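Written below as structure tokens is the structure these notes are about.
The values are calculated or read from the model by the stated rules, or taken from the named source; none is laboratory data. Here the structure is a predicted model, which means the values were calculated and not measured. Quick reminder, even Gly has a Cβ in these numbers, built from the backbone with ideal geometry, and neighbours come from all protein chains shown. Heavy atoms of the whole protein, side chains included, go into the accessibility calculation; ligands, DNA and RNA do not. Shrake-Rupley method; radii C 1.70, N 1.55, O 1.52, S 1.80 Å.
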Amino acid sequence: MAGLIKREDIDEVRQRTDIKEVVDGYVTLKGAGLGTFKGLCPFHDERSPSFTVRPQVGRYHCFGCGEDGDAISFVQKMDHSSFHEAVEKLAARIGYELRYEDGGTGPNREEVGKRQRLLDAHKIADEFFRAQLLTAGAAEGRNFLHGRGFDRTAAEQFGVGYAPRVGTRC
Ligand SMILES: [Zn+2]
């Protein structure tokens, strides 16, 4: 779970969003003068438009059923989504990168932890196989490398390891 979206980013998204464009995706709007647009209300059944949008103040209002709000609450109601989901959708729409209270915008902490554990596991395996190359059982491997012109320094530099035979008899 990502953290809380920063307050100022929510305000920024609200300010930068043209509510008319957002509502236009759901409702056919027509200019009604004085910077107001009208359409059939998506929240109640009607034949004559009483749903108004005022882009200048960034709000909508329905004189029929009383629904009222801004671009965020509009998306919330239309998509049946949470406040945060609505803000994220609107931010994505205008290409705005949100910041979160815990400082993360990218992958969440769980993902980072998983990646780190994989890196750790890889490192441990790497160390194990390198150490195996120095054991008595790896004499054959060392001879092979030596024959190819690899000395110990070169083997370490290139991370050459030796996988011991476990549980097999030859
Ligand atoms: Zn209405």
Completion exercise
Mean 1/r over distinct Cα pairs of the chain, inverted to a Kirkwood Rh in Å, yields 21.4 Å
Handout entry: 3J(HN,Hα) from dihedral phi, segment 63-70, Karplus parametrisation 6.51/-1.76/1.60, rounded to Hz, x for glycine, proline
Key = 7, x, 10, x, 4, 8, x, 10
Exercise for the section: Give the Debye-formula value of log10 I(q)/I(0) at each listed q (0.22, 0.26 Å⁻¹), with one equal scatterer per alpha carbon of segment 7-93, two decimals each. Expected result: -1.04, -1.36
Fill in the blank from the handout: Residues meeting the amide H criterion for Tyr162 (H placed from the backbone, H to H distance under 5 Å, 5 or more places apart or on another chain) are Arg130, Gln132, Leu133
Handout entry: Estimated [θ] at 222 nm from DSSP helical runs (n ≥ 4, -39500 (n - 2.57)) normalised by residues in the chain, nearest 500
Key = -13000 deg cm²/dmol
Handout entry: Whole-Hz couplings from phi, Karplus 6.51/-1.76/1.60, listed for segment 88-95; x for Gly and Pro
Key = 5, 5, 5, 5, 4, 4, 9, x
Completion exercise
With all protein chains in place and a 1.4 Å probe, Glu67 shows an accessible area in Å² (nearest 10) of 50 Å²
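So what is the relative contact order of the chain, in percent, for Cα pairs below 8 Å that sit 6 or more residues apart? Can you show the working numbers first?
Details: 185 pairs, mean separation 30.9, N = 170.
That works out to 18 percent.
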Practice task
Quick one: which residues, 5 or more positions from Arg59 or on another chain, have an amide H under 5 Å from its amide H? H modelled 1.01 Å from N in the peptide plane, none for Pro or chain starts.
Solution key: Arg54
Handout entry: In sequence order, calculated HN-Hα J values of segment 133-141 (Karplus, 6.51, -1.76, 1.60; Hz; x Gly/Pro)
Key = 5, 8, 7, 4, x, 9, 3, 4, x
Problem - Those residues of segment 1-45 whose amide nitrogen sits under 19 Å from the label point placed on Glu97, 7 Å along Cα→Cβ - result: 2-14, 16
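Express the accessible area of the chain per residue in Å², computed with a 1.4 Å probe while the remaining protein chains stay in the model.
Working: 11900 Å² over 170 residues.
Accessible area per residue: 70 Å².
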Practice task
Find the lysine pairs in the chain meeting two conditions, Cα atoms under 28 Å apart and a separation of 8 or more places or different chains, and report how many there are.
Solution key: 16
Exercise for the section: For Ile5, list long-range residues whose amide hydrogen, built 1.01 Å from N in the peptide plane, is under 5 Å from its own amide hydrogen. Expected result: Glu101
Exercise for the section: On the full set of protein chains, 1.4 Å probe, figure out the accessible area of Thr28 and give it in Å² to the nearest 10. Expected result: 110 Å²
